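Report on the structure given below.
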Amino acid sequence: MARAGVVVGGISLAMVAATGVSNAYTYDGSDPSSTGCASGATTVESATVKNSKVTLGTIELRYSVACHTAWARMTLNQTAGACGNSSAGYDCAHGFITRNNDGRSYSCTIYQGQTQ
């Protein structure tokens, strides 16, 4: 089991899905695209991320059978604007994944100018 979540401008969302067993956790904290794990991966769960007025994007719990690893992928509908500083007034979007069997957690951030 793994859990993926997102925090966007103070909004939180979490998903839980069965993702199989990973024996060595070889790919912990690595980029799924650069390791090749993204190739052939499937989306186990997905959800729309929105605030009270606007749909902001999508959060997905992705899993690779070949690599025995899971990760969160967040995609915004628009390029992220200024965020993460006092003049912006809000934090940048964050995605995270937490492994249920040991509680280990990893995160990523969508910075200004990015969509994923």
By counting other Cβ atoms within 10 Å of each Cβ, how are S34, S39 ranked from fewest to most?
S34, S39
Exposure proxy check: T26, T109 ranked by fewest other beta carbons within 10 Å?
T26, T109
What is the gain in length, in nm to one decimal, between T26 and Q112 on full extension, counting 0.36 nm per residue of separation less the C-alpha to C-alpha distance?
27.9 nm
When D91, D31 are ranked with the fewest other C-beta atoms within 10 Å first, the list becomes D31, D91
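Quick note: the coordinates plus some simple rules give every number you see, no bench work behind them. Model, not experiment: these values are computed from the prediction. Reconstructed Cβ throughout: ideal geometry from the backbone, glycine too, with neighbour counts over all protein chains shown.
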